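Structure first, commentary second.
Any read-out appearing in this document is the output of simple, stated calculations on the displayed coordinates, not a laboratory observation. From a predicted model like this one, the values you see are computed outputs, not experimental measurements. FYI the Cβ positions are ideal-geometry reconstructions off the backbone, even for glycines, and counts take in every protein chain you see.
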Amino acid sequence: MFYKRLVILSLSFLLISCGIFGFDDSDAGGVNDPYNLPSLPWDGKTINEPRYDEESRTYYVTDATHFAWIIKRPNDNDSITYDKDTIILVNDIDLDNKSMYGMAVFQGTLDGNNKAISNIYISIVYDKVGLIRRLLDNGTVKDLTIKNGSIKGKQSVGGIVGWAQNAKLINVRNSNVTVTGSEDQVGGIVGVADNVTIKFATNLSKVYGRGNGVGGIVGHATGLDITNSVNLGEISGDMSVGGIAGYGMDTSVSLSQNNGQLIRGLFAGGIIGACFRCEVENSSNLAKLMGRGSLGGIIGNVQEEIALMNTHSYGKLFPPSASVETVGKIIGKVDNNTHSVYVDNYYLGDGDLKAIGKPKSNDAGAEMDSKQYNNSYNFNQWDFNNIWVMQDKCPVLKWILDIDDKVIVERLIGPCKKATEPDE
């Protein structure tokens with residue numbers, strides 16, 4: 001017996017010395033979990049409880065079976081919401097395209113730890129569908145990437161969250177997880193956002209919806225504050241379709257950019273499809289846009305007050321046909337019942353001032369051709385020290401150049417670097 005134990009101890013020491021088995025004392029992206037095990041693809045059945053630190057109220061998710069356990073608990077018992085708990089990903093999680101529902105409700109903090117959850121497959125004929133179905137009451141998702149797969153639902157469908165209310169999403173990315181809704185409110189990151197803050201969100205995926213409110217980042221927004229966000233995915237919907245938000249009410253968008261094509265939409269805009277009391281500041285559209293009603297480079301349709309500051313659209317509005325009622329490089333149409341429109345300091349192509357009517361501001365903007373676009377002196381009162389930087393053909397947001405993925409950077413600034421004009 002003694003000899004057998006001695007052999008086992010000797011073998012264990014050898015494996016530890018070779019780095020094949022043993023504790024990892026290195027910093028796993030900010031997490032040093034001595035219980036960290038190799039993360040294997042999920043088999044679709046096995047669930048294991050992750051380690052929980054009671055003092056910090058933190059779950060350490062090191063394996064796909066742990067993540068499946070985290071998701072299953074609120075689905076089995078709606079009183080479990082992880083309120084004030086933190087769930088942190090120690091490793092990348094591979095769900096191996098096994099069918100799952102997503103977490104029913106979440107009120108804690110999901111810290112992605114700059115890791116990815118990949119190969120996601122969710123397909124259910126319900127509302128509020130996403131990796132997290134409902135993110136509520138100070139719930140937070142941060143530093144997380146979802147990667148490869150598809151999420152399908154009825155309405156309020158999002159890549160990361162189906163329905164978010166009084167919540168935050170910071171530094172989140174959807175990379176090739178197609179999001180599809182058979183009805184309204186579909187977004188690459190969030191389907192419905194009610195009183196939500198979103199910062200540094202990136203969508204690289206296709207987003208399809210059959211109804212109203214389809215957007216690259218958010219489908220339908222009320223009281224949304226979104227900054228430093230970009231869309232590179234193709235967006236398609238029937239009604240209000242936007243590169244950043246499909247429909248926005250009391251919504252603020254800043255320091256954001258759309259490079260994803262819009263291929264349908266009665267109200268289609270590079271930043272917001274249809275807008276009811278919105279602000280858009282220091283944002284741009286560099287993509288080709290298609291619509292069939294009101295088509296605008298920044299906003300498709302303004303239904304009430306709008307404030308624009310330092311925005312531009314360099315992408316082509318296509319196709320100019322009889323099916324498109326009104327077209328504007330900045331705003332497609334301002335509804336007649338709009339009480340006040342304040343548009344200040346935006347830049348647009350030839351002839352577009354007529355397309356949006358007469359805004360109240362005397363400094364409504366400047367018409368310029370493509371040759372004038374590459375000179376920062378023509379962009380009066382724009383901050384080219386801290387916010388914007390001039391590329392070969394047009395301005396881009398300075399923070400974009402610091403994105404960690406250089407392939408994404410090149411895709412975002414590409415239209416401004418090309419030798420050809422954007423509508424060729």
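Across region 176-231, Cα pairs under 8 Å and at least six residues apart give a relative contact order of 44 percent.
Using R₀ = 22 Å, calculate the FRET efficiency as 1/(1 + (r/R₀)^6) where r is the Cβ-Cβ separation of Lys45 and Asp78; round to 0.05. Show your work: numbers first, answer last.
Working: r = 23 Å, r/R0 = 1.04.
So, using R0 = 22 Å, E works out to roughly 0.45.
By DSSP, what percent of the beta bridges with both residues in region 27-417 are antiparallel, rounded to the nearest 5? If you can, show how the numbers build up before the last one.
Details: 7 of 130 bridges.
Counting only bridges with both partners in region 27-417, antiparallel ones make up about 5 percent.
With a simple spin-label model that places each label point 7 Å from the Cα along the Cα-to-Cβ direction, the separation between Ala307 and Arg411 comes to 3.3 nm. The modelled label-to-label distance for the pair Thr222/Asn114, using points 7 Å beyond Cα in the direction of Cβ, is 3.8 nm.
Would you work out if region 27-417 is rounded, prolate or oblate? Take a ≥ b ≥ c from the square roots of the eigenvalues of the alpha-carbon gyration tensor; rounded if a/c is under 1.5, else prolate when a/b is larger than b/c, oblate otherwise. Judged from the Cα gyration tensor, region 27-417 comes out prolate (a/c at least 1.5, a/b above b/c). Overall, the ratio between the Cα radius of gyration of region 179-320 and 2.2 N^0.38 Å, rounded to two decimals, is 0.85. Along the Cα→Cβ direction, 7 angstrom out, place labels at Tyr377 and Thr86. What is the inter-label distance in nm? Between Tyr377 and Thr86, the label points sit 5.2 nm apart. Each peptide in 70-80, 189-199 gets a packing score, the mean of other Cβ atoms within 10 Å over its residues, and the list from highest to lowest is 189-199, 70-80. Overall form of region 95-224: rounded. Here a/c, set by the Cα gyration tensor axes a ≥ b ≥ c, is under 1.5. One chain, two ends: Asp96 and Asn138. Fully extended at 0.36 nm per residue, the span grows by 12.1 nm beyond their Cα-Cα distance. Cβ-Cβ distance of Met368 and Glu325, R₀ of 41 Å, FRET efficiency by 1/(1 + (r/R0)^6): the value works out to about 0.95.
Note on region 189-243: Rg/Rh from Cα positions, Kirkwood definition for Rh, rounded to two decimals, is 0.94.
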